[in-house]
Every structure is written in C-alpha cells, then in structure tokens.
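Colleague: Below: one structure in structure tokens.
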Amino acid sequence: MRFSKRMDMIKPSAIRSVQKRIAATENVISFAAGLPDPALFPLDDLEKATSKMIREKGELAFQYGLTKGYDPMIDKLVERMRNKEKIDASAANIILTTGSQQGLALCAMMFLDEGDVVVAENPSYLGGINACRPYGVSFIGVDTDDEGMDTKELDKVLAENPSVKMLYVIPNFQNPTGKAWSLQRRKDFMEVINKYDVIVVEDNPYGEIRFKGDFVPSLKSMDTQGKVVYLGSFSKILAPGLRIAWICADPEVVKEAELIKEGWDLQCNQFVQVQAVQYMEDFDLEAHIAEIQQLYMKKCDLMLEMMDKEFPESVTYTRPEGGMFIWVVLPENVDADVLLDTALEHGVAYIPGEPFFANGGPKNTIRMNFTTVSEDQIKKGIKILGDVLKTVC
Ligand SMILES: Cc1ncc(COP(=O)(O)O)c(C=O)c1O
C-alpha cells in the first residue's frame, strides 16, 4: 500500500503494548489505567438532561452546527475561563475540540514544520508527544522538580536551539507524574518564554481535580503576548466519552484552528454540546466536581498510606494534590518493565514510566493510577506490589 511518508513517523504507543500484556493476564488489580472512575458519571442527571433537550431542542441537536462550536456552549466556556481560571476570555478566544487530544493535534498541524523542535517536560503525556511526531519534529525534554519545569535549564535550551517552535506543558497534576507547578515557577516560566519566539501549549485536563492545596493560576492567565494556547476538557470533570474540550487562545489561533477543523470534521458533535449545556443549566456541575475531588482525594490518600506502609524505603513517590496519578521512582538498577512480568504473575499491574520520556529515559519509574480501582483493590494491590518490590529494592 502506498501510505504517505508521514505514516513512517507514526508508531504504536509503547503503552498500548504494555496494556495488551496486562489485558492478557486474568484477575489483575490494575493501577495501569488512565481513566476516570465511571461510578462518578452522573448518569441519572445526564439521562434527564438528554430527554429534555431532545424534546425541547431536538431539531437543533441533530442538525449540523458551527465549526467553532455551539454558541451557548462557547458562552459557558467563556464564563468558565473567566470565573475559574481568571483568564480574560471572550467568544473570539474559544473553539470546541473533540477531546483535548484533538486540540493537541490541531496545535501540531498549526505550528509545526519538519525540522522544528518541541520542548516537553521530562516525562510528559505520550498523546501530546505523539500528536507532534507526524510533522517530522524532534524533541528536547526538560526536567521538572517538585516546583515545576527547571526554568534555568529551559532558558539555556531555548537560547541554544533557535529551532524550538513549541513548548508542550501540563502544569497541573501532570500525566504521568501528578506534579503541579508552583506559582513562582509559573511566573519564572513566563518570564523565560517571553524572551523567545515560541508557542506554549498548556494542556490542563486535571486542573479542576485539585483536592488539596490552593488554586494556582494558569499560564494563560499570565500571558501578555498571546503566546499560550490553553487546552481544557470535560473528560475528567464530566465524562470522557462526550469528547467535549476546547482551545482558549488568541483569536488568530482560533481562526486557523477553525480552518483546519473544517477540513477534518466540520465541527464537534452538536448533540453532545446541546446535551452538556442542558446538563449544566439543570444540574450543578460544580457540586459534581466537588464530589469527584472528594472521592479521588480519599483514594489517593489511601494509596499513599498503603505505599508508606508497604513499599521499601529505597522507593520514592510523588504526593499529588490533585489529578489521577502517582509517580514512583525505584532504585536505579531496577527495570520497571522487566519487573512488570513478576507483578503480573502476582496479580498487579502498573505502567512502566520509560515510554513517557520523549527521547527515552530511565527504566526505574512507574505510573500508578488511583481512580479506577476500588479502596479494597488499593489495599490489596499495594500490599502485593510492596512484596514484589521488596524482592528487588
Ligand atoms: C495530559 C493529557 N492531555 C490530554 C488528554 C486527552 O484528553 P481528552 O479526553 O480531552 O482528549 C489526556 C488524557 O488522559 C491527558 O492525560
């Protein structure tokens, strides 16, 4: 088959092959997922909102809509950006996307040419990295500490590499590490990037799942030069199956994204936009988010408590204040991918961390998810994993 040359740059994700290994093993307690807890989907409320909107707005919901998005949905997002993120947005700054994954793909197409360099946190979300790969770019990973990206290192990288075109960052409860950047680090980051001609893609699907600590403003809210493209999503605060997400950016960026979307899919699903607006009008999304925060905090606290008790002292891990993941660092001589076979034999699964590094990275890291497992599974699974770790750490 005469596929495009671009297809040579698209490789199956290393995580998918790990997930296949896990799926092939029966009765595992899996900390490998990256999904929200389905018990939190507000099914009854969504059913009521959906019936009502079909009755009252059915003709609108099943019809074609605007490429930019359904106007009442855009109004809700403008409100959200202003009230929750303190971003001075108007309708001209917003375009709906089919998941923030499409936002990432749109950014890659809009900004990247062959030979460009993308800077990402080390490690970072694989889906963001992979969205850039078809454009023939290379990557530079910049390390993060507990405060966020190392901005001194970033400054050096940007000064030495004029081909850096785009920075991809997840400042809130990052996938895979669960880390959140401090306010000072965000300010330092903005100061650095403002010196260079670059675009920053700020991916924020977890920001509203803060269950501890104080709100920290987004990079976009500090953006005085229109350089930050903010990606938001309903996947973690309502339901990922809806595929509702948005870009909040300079109107010039929104216009370009609209042009691309016309060719890709004409528009986002009109039905779910009308449905979600009806849900937000009739039910309390903020109260629902508070419920998610409470449950995730309980599960995260329990997992950390179990890790404190069961993991060997040579193993360290992040203590997230939100999101869905904990990042575990094993002693340097332990290969988390090899150890996964032993873990699976004992009935537990996790994701080895190495694939999250754009240019490859240390083999002794693990991503643990605490949202899809029950409290019983957390207790049992962490005890088992602790025993497995004690054999090698
Ligand atoms: C950091 C990050 N960005 C983007 C996405 C994609 O989210 P969406 O469901 O909005 O496409 C995910 C999904 O897990 C993610 O972790």
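Colleague: Considering (1) buried (at least 19 other Cβ atoms within 10 Å of the Cβ); (2) in a helix (DSSP H, G or I), say which one ILE260 fails and leave the rest.
Modeller: Evaluating ILE260 over (1) buried (at least 19 other Cβ atoms within 10 Å of the Cβ); (2) in a helix (DSSP H, G or I) leaves (1) as the failure.
Colleague: Here is a list of conditions, (1) assigned to a loop (DSSP other than H, G, I, E, B); (2) away from the ligand (no atom under 15 Å from the Cβ); (3) closer than 17 Å to PRO171 by Cα; (4) open to solvent by 30 Å² or more (accessible area, probe 1.4 Å), and VAL216 meets all of them except one; can you say which number that is?
Modeller: (4)
Colleague: Follow-up question, since we're still on this one. Among the residues of the range 129-162, write down those that are hydroxyl-bearing (Ser, Thr, Tyr) and more than 16 Å from the ligand (Cβ to nearest atom).
Modeller: Result: TYR135, SER138, THR151.
Colleague: Another question, then. Which one is farthest from LYS363 (Cα to Cα), of the residues in the range 331-340 that are part of a helix (DSSP H, G or I) and open to solvent by 50 Å² or more (accessible area, probe 1.4 Å)?
Modeller: The residue in question is VAL338.
Colleague: Which is surrounded by 24 or more Cβ atoms within 10 Å (Cβ to Cβ), over 14 Å from the mean Cα position of the chain (by Cα) and among the β-branched types (Val, Ile, Thr), of VAL137, VAL228, VAL198, VAL192? So that I can check it myself, show each step before the final result.
Modeller: Numbers: VAL137 fails: surrounded by 24 or more Cβ atoms within 10 Å (Cβ to Cβ); VAL198 fails: surrounded by 24 or more Cβ atoms within 10 Å (Cβ to Cβ); VAL192 fails: surrounded by 24 or more Cβ atoms within 10 Å (Cβ to Cβ).
So the residue among VAL137, VAL228, VAL198, VAL192 that is surrounded by 24 or more Cβ atoms within 10 Å (Cβ to Cβ), over 14 Å from the mean Cα position of the chain (by Cα) and among the β-branched types (Val, Ile, Thr) is VAL228.
Colleague: Take the range 8-38 and flag every residue that is free of Cβ contacts under 8 Å to residues at least 40 places away in the same chain and among the hydrophobic types (A, V, I, L, M, F, W, C).
Modeller: ALA23, ALA24
Colleague: Report the residue count in the range 341-392 for those that are outside any helix (DSSP H, G or I), open to solvent by less than 50 Å² (accessible area, probe 1.4 Å) and of a type outside the set (S, T, N, Q).
Modeller: 16
Colleague: Still on this structure, please answer the following. Restricting to the range 201-213, name every residue that is of a type outside the set (Asp, Glu) and either touching a helix residue (DSSP H, G or I) at 6+ places or on another chain (Cβ under 6 Å) or within 16 Å of the ligand (Cβ to nearest atom) (or both).
Modeller: Answer for the range 201-213, where residues must be of a type outside the set (Asp, Glu) and either touching a helix residue (DSSP H, G or I) at 6+ places or on another chain (Cβ under 6 Å) or within 16 Å of the ligand (Cβ to nearest atom) (or both): VAL201, ASN204, PRO205, TYR206, GLY207, ILE209, ARG210, PHE211.
Colleague: May I ask you to list the residues in the range 21-45 that are within 16 Å of the ligand (Cβ to nearest atom) and open to solvent by less than 80 Å² (accessible area, probe 1.4 Å)?
Modeller: SER30, PHE31, ALA32, ALA33, GLY34, PRO36, ASP37, PRO38, LEU40, PHE41
Colleague: Now for a different question. Across the range 82-98, what is the total count of residues that are among the hydrophobic types (A, V, I, L, M, F, W, C) and without any contact (Cβ under 8 Å) to a residue 60 or more places away in the chain?
Modeller: Residues flagged as among the hydrophobic types (A, V, I, L, M, F, W, C) and without any contact (Cβ under 8 Å) to a residue 60 or more places away in the chain within the range 82-98 amount to 1.
Colleague: Return yes when SER233 is within 13 Å of the ligand (Cβ to nearest atom) and either within 23 Å of TYR296 (Cα to Cα) or open to solvent by 10 Å² or more (accessible area, probe 1.4 Å) (or both) and no when it is not.
Modeller: Answer is yes for this residue.
Colleague: I would also like to ask the following. Would it be correct to say that ILE87 is within 16 Å of the ligand (Cβ to nearest atom) and touching a strand residue (DSSP E or B) at 6+ places or on another chain (Cβ under 9 Å)?
Modeller: Judged against the criteria, ILE87 is not a match.
Colleague: On the basis of being under 23 Å from PHE325 (Cβ atoms), in a loop (DSSP other than H, G, I, E, B) and within 11 Å of the ligand (Cβ to nearest atom), does GLN174 make the cut?
Modeller: Details: under 23 Å from PHE325 (Cβ atoms): yes; in a loop (DSSP other than H, G, I, E, B): yes; within 11 Å of the ligand (Cβ to nearest atom): yes.
Judged against the criteria, GLN174 is a match.
Colleague: Being modelled with pLDDT under 95 and within 16 Å of the ligand (Cβ to nearest atom) narrows it down to one residue among LEU167, LEU126; which is it?
Modeller: Going through LEU167, LEU126 in turn, the sole match is LEU126.
Colleague: In addition: I'd like the residue in the range 90-123 that is open to solvent by 50 Å² or more (accessible area, probe 1.4 Å) and touching a Gly at 6+ places or on another chain (Cβ under 6 Å) and, out of all such residues, is nearest to the ligand (Cβ to nearest atom).
Modeller: If we take residues in the range 90-123 being open to solvent by 50 Å² or more (accessible area, probe 1.4 Å) and touching a Gly at 6+ places or on another chain (Cβ under 6 Å), then GLN101 is nearest to the ligand (Cβ to nearest atom).
Colleague: Go through the residues of the range 363-374 one by one and say whether even a single one is assigned by TED's automatic domain parsing to the domain that holds PRO36, free of Cβ contacts under 8 Å to residues at least 60 places away in the same chain, of a type in the set (Lys, Arg) and in contact with a helix residue (DSSP H, G or I) (Cβ under 8 Å, 6 or more places away or on another chain). So that I can check it myself, show each step before the final result.
Modeller: So in the range 363-374, the residues assigned by TED's automatic domain parsing to the domain that holds PRO36 come out as 363-374.
From the residues that got through so far, the ones that are free of Cβ contacts under 8 Å to residues at least 60 places away in the same chain too are 363-364, 366, 374.
Still in the running and of a type in the set (Lys, Arg): 363.
Those still in the list that are in contact with a helix residue (DSSP H, G or I) (Cβ under 8 Å, 6 or more places away or on another chain) too: 363.
For the range 363-374, residues assigned by TED's automatic domain parsing to the domain that holds PRO36, free of Cβ contacts under 8 Å to residues at least 60 places away in the same chain, of a type in the set (Lys, Arg) and in contact with a helix residue (DSSP H, G or I) (Cβ under 8 Å, 6 or more places away or on another chain): present.
The values are calculated or read from the model by the stated rules, or taken from the named source; none is laboratory data. All values derive from a computational prediction rather than experimental measurement. Here Cβ is always computed from backbone atoms with ideal geometry, including for glycine, and neighbour counts include all displayed protein chains. Side chains are part of the model used for accessible areas, which takes the heavy atoms of the whole protein and leaves out ligands, DNA and RNA. Shrake-Rupley method; radii C 1.70, N 1.55, O 1.52, S 1.80 Å.
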